[in-house]
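For reference, the structure discussed in these notes is given below.
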Amino acid sequence: MSKRLMEEVQQKNRIYQKILDEIDVGVHVVNSDGKTIIYNKKMREIEGMNIEDVLDKNLLDVFSFNKNEDSTLLEALHKGTVIKNAKQTYFNNKRQEITTINHTSPIIENHTRIGAMEIARDVTKLEKIIRENILNKGDTRYTFDSIIGNSSQIKEVITLSKRATRTHSSVLIVGETGTGKELFAQSIHNGSNRSSKPFISQNCAALPDSLIEGLLFGTKKGAFTGSVERPGLFEQAEGGTLLLDEINSLNPALQAKLLRVIQEKTVRRVGDTKDRQVDVRIIATINEDPIEAISNDRLRKDLYYRLSVVSLFIPPLRERKNDISDLLQFFIDKYNQLFSMNVKEIDEEVLERFLQYDWPGNVRELEHIVEGTMNLMDQEETITYSHLPIQFRRKPQFQTGVNQTTELDDLLLQKGKQIKPLDQYMEEVETYYLNKALQQHEYNITKTAKALGISRQNLQYRIKKHNLEIVR
């Protein structure tokens, strides 16, 4: 072969390799001995492998398969079988599970099989999501007894929710993030005559539109490249309850399809022409005012009316502060058990600060603060201010919501109080003083810096250092 011809061949090989690495499907080719000879970039991404781990190595020396399952590549190589749209689950050399939809065929030359090729699409994440969303009865652990609180606000919602267990009507649960919407949804399911049937939960914001339609309604085999025959969540929840979390995150087209399913009580899989009857109770949640969501085109008005046959409004924690003490005791007991600790109470000073704070993250934020606090404790039996996570103590709202005299007194040495390390004491004093100066000058950086006798840059550095919030 001439030098020029060899250069042309090498150039073509580089072009072929470039094309293979640019296409958005995995390509894996083995020779007649089952050794990898082509392994493109997308395939490496799907399988989480480096090219040197796979190239020129026998397939079975790199990948493993479940018992009674064979490699589709080797099946095509040894049996000459053409395999279309086959789902395969296997493991890489790190024992990480991979699931792909494969189109596999032998490579034949002069009536002899000289290898096999496979084109693969990754469905690993989709398979994982489906498994995580199919909850059996044992996973729906919440009942109305799980709801902590004796305030009139929470008792009213519990009463309305219990009434909703008697019917099969759709329920719309409205509440800020962290208020416990899924807790109410599970309680309604477990209190109804559907409690022995599936409870399936899907966060509508967790998936792109291209995936969630097939996940909700199911897919028909061959409807698109890589599609398999799979029932959707509506079919899987037959006879039970389907919780659609953050319904306002679905695009309008999907909301329209969802409305049709709820109205007709039938579902059509993606790519299918057949309607299937479904008996499913729908509970939806939304983390904003539904009227505002409608005004901003995040929720279809007709879907809202269909879902809100029963509407429940979960109050934020700032509107039910009488429940904070009960919630605190519940979370302390929970983490005592998990952490093998013996925390018995919370200091009155800390409780007072909790009662003054607005809790933008609601009950979930309160639980995280208790968990974080108990991680910082040793053998103490009382939660004090010094145990609270530093990022929480630095919150301006948490600090300024307390009586100023009490707060300043906290920074001074008092009889019977534990002496703090000097650096901690100085940091708390500086944080307190900067907050007060900023408030006094309405958070104007220039005026505050001038009053403190420091430069703007110095003040901005300290604001960043202490993680202070600037209120506009």
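Anything in segment 342-357 that is part of a loop (DSSP other than H, G, I, E, B) and either outside the structural domain of Tyr385 (by TED's automatic domain parsing) or in contact with a helix residue (DSSP H, G or I) (Cβ under 6 Å, 6 or more places away or on another chain) (or both)? List them, or say none.
Within segment 342-357, Val343, Tyr357 meet the criteria.
For residues that are assigned to a helix (DSSP H, G or I) and either among the acidic types (Asp, Glu) or more than 30 Å from Lys197 (Cα to Cα) (or both), scanning just segment 129-150, find the one that is modelled with the highest pLDDT.
Only one residue tops the list, namely Asp145.
Looking only at segment 189-210, how many residues end up being over 24 Å from Leu172 (Cβ atoms) and in contact (Cβ under 8 Å) with a residue 12 or more places away in the chain?
Counting residues in segment 189-210 that are over 24 Å from Leu172 (Cβ atoms) and in contact (Cβ under 8 Å) with a residue 12 or more places away in the chain gives 1.
For segment 157-196, what are the residues that are among the small types (Gly, Ala, Ser), part of a helix (DSSP H, G or I) and in contact with a strand residue (DSSP E or B) (Cβ under 8 Å, 6 or more places away or on another chain)?
We begin by selecting, within segment 157-196, every residue among the small types (Gly, Ala, Ser); these are 161, 164, 169-170, 175, 178, 180, 185, 187, 191-192, 195-196.
The next check asks that each one be part of a helix (DSSP H, G or I); those that pass are 161, 164, 185, 187, 191.
Across segment 157-196, the qualifying residues are Ser161, Ala164, Ala185.
Would you be able to tell me the number of residues in segment 227-270 that are assigned to a loop (DSSP other than H, G, I, E, B), in contact with a helix residue (DSSP H, G or I) (Cβ under 9 Å, 6 or more places away or on another chain) and touching a residue at least 40 places away in the same chain (Cβ under 8 Å)?
5
Checking Asn336 against (1) farther than 15 Å from Gly149 by Cβ; (2) within 25 Å of the chain's Cα centre (by Cα), only one condition comes out false. Which one?
(2)
For segment 360-378, which residues satisfy the criterion of being within 21 Å of the chain's Cα centre (by Cα) and not polar (S, T, N, Q)?
Pro360, Gly361, Val363, Arg364, Glu365, Leu366, Glu367, His368, Ile369, Glu371, Gly372, listed by residue number.
Out of curiosity, is Val310 buried (at least 17 other Cβ atoms within 10 Å of the Cβ), in the same structural domain as Glu156 (by TED's automatic domain parsing) and aliphatic (A, V, I, L, M)? Break it down stepwise before answering.
Values: buried (at least 17 other Cβ atoms within 10 Å of the Cβ): yes; in the same structural domain as Glu156 (by TED's automatic domain parsing): yes; aliphatic (A, V, I, L, M): yes.
Considered against the rule, which asks whether it is buried (at least 17 other Cβ atoms within 10 Å of the Cβ), in the same structural domain as Glu156 (by TED's automatic domain parsing) and aliphatic (A, V, I, L, M), Val310 comes out as yes.
Does segment 35-75 hold any residues that are among the hydroxyl-bearing types (Ser, Thr, Tyr) and either within 21 Å of Asn85 (Cβ to Cβ) or touching a helix residue (DSSP H, G or I) at 6+ places or on another chain (Cβ under 8 Å) (or both), and which are they?
Answer for segment 35-75, where residues must be among the hydroxyl-bearing types (Ser, Thr, Tyr) and either within 21 Å of Asn85 (Cβ to Cβ) or touching a helix residue (DSSP H, G or I) at 6+ places or on another chain (Cβ under 8 Å) (or both): Thr36, Tyr39, Ser71, Thr72.
Among (1) surrounded by 11 or more Cβ atoms within 10 Å (Cβ to Cβ); (2) under 37 Å from the mean Cα position of the chain (by Cα); (3) touching a residue at least 24 places away in the same chain (Cβ under 8 Å), there is one condition Lys35 misses while meeting the rest; what is its number?
(2)
Checking Asp297 against (1) assigned to a strand (DSSP E or B); (2) loosely packed, with under 14 Cβ neighbours inside 10 Å, which single condition isn't satisfied?
Unmet condition: (1).
Within segment 208-247, restricting attention to residues that are polar (S, T, N, Q) and closer than 18 Å to Val261 by Cβ, which residue is modelled with the highest pLDDT?
For segment 208-247, the residue satisfying everything is Thr241.
Go through (1) at pLDDT below 85; (2) exposed (fewer than 13 other Cβ atoms within 10 Å of the Cβ) one by one and return the number of the condition Glu381 breaks.
(1)
What number goes with the only condition from (1) surrounded by 16 or more Cβ atoms within 10 Å (Cβ to Cβ); (2) not in a strand (DSSP E or B) that Arg276 does not pass?
That leaves (2) as the condition not met.
Tell me, please, whether a residue that is of a type in the set (Lys, Arg), in contact with a strand residue (DSSP E or B) (Cβ under 9 Å, 6 or more places away or on another chain) and in contact (Cβ under 8 Å) with a residue 40 or more places away in the chain can be found in segment 73-94.
In the first step, residues of segment 73-94 are kept if they are of a type in the set (Lys, Arg); the result is 79, 84, 87, 94.
Going one step further and asking which of them are in contact with a strand residue (DSSP E or B) (Cβ under 9 Å, 6 or more places away or on another chain), we end up with 79, 84, 87.
Next cut, in contact (Cβ under 8 Å) with a residue 40 or more places away in the chain only: 87.
Taking every residue of segment 73-94 in turn, at least one turns out to be of a type in the set (Lys, Arg), in contact with a strand residue (DSSP E or B) (Cβ under 9 Å, 6 or more places away or on another chain) and in contact (Cβ under 8 Å) with a residue 40 or more places away in the chain.
Considering only residues that are in a loop (DSSP other than H, G, I, E, B) and polar (S, T, N, Q), look in segment 416-459 and name the one that is modelled with the lowest pLDDT.
Residues of segment 416-459 that are in a loop (DSSP other than H, G, I, E, B), as a first pass: 416-421, 441-444, 453-455.
Now drop any that are not polar (S, T, N, Q), which leaves 418, 444, 455.
Values: Gln418: 65, Asn444: 85, Ser455: 82.
The residue in question is Gln418.
Scan segment 6-32 for residues that are in contact (Cβ under 8 Å) with a residue 24 or more places away in the chain and either loosely packed, with under 12 Cβ neighbours inside 10 Å or of a type outside the set (A, V, I, L, M) (or both) and report the count.
Counting residues in segment 6-32 that are in contact (Cβ under 8 Å) with a residue 24 or more places away in the chain and either loosely packed, with under 12 Cβ neighbours inside 10 Å or of a type outside the set (A, V, I, L, M) (or both) gives 4.
Looking only at segment 102-128, filter to residues that are under 28 Å from the mean Cα position of the chain (by Cα) and of a type in the set (Asp, Glu); which one of those is modelled with the highest pLDDT?
Asp122
From the list Leu254, Leu242, Leu233, which one is of a type outside the set (Phe, Trp, Tyr) and either under 25 Å from Gln153 (Cβ atoms) or surrounded by fewer than 22 Cβ atoms within 10 Å (Cβ to Cβ) (or both)?
After ruling out the rest, the residue left standing is Leu254.
Filter segment 425-466 down to residues that are aromatic (Phe, Trp, Tyr) and either touching a residue at least 12 places away in the same chain (Cβ under 8 Å) or over 27 Å from Pro389 (Cβ atoms) (or both) and give me whichever is surrounded by the fewest Cβ atoms within 10 Å (Cβ to Cβ).
Tyr425
The values are calculated or read from the model by the stated rules, or taken from the named source; none is laboratory data. Note that this is a predicted model, so its numbers are computed, not measured. Quick reminder, even Gly has a Cβ in these numbers, built from the backbone with ideal geometry, and neighbours come from all protein chains shown.
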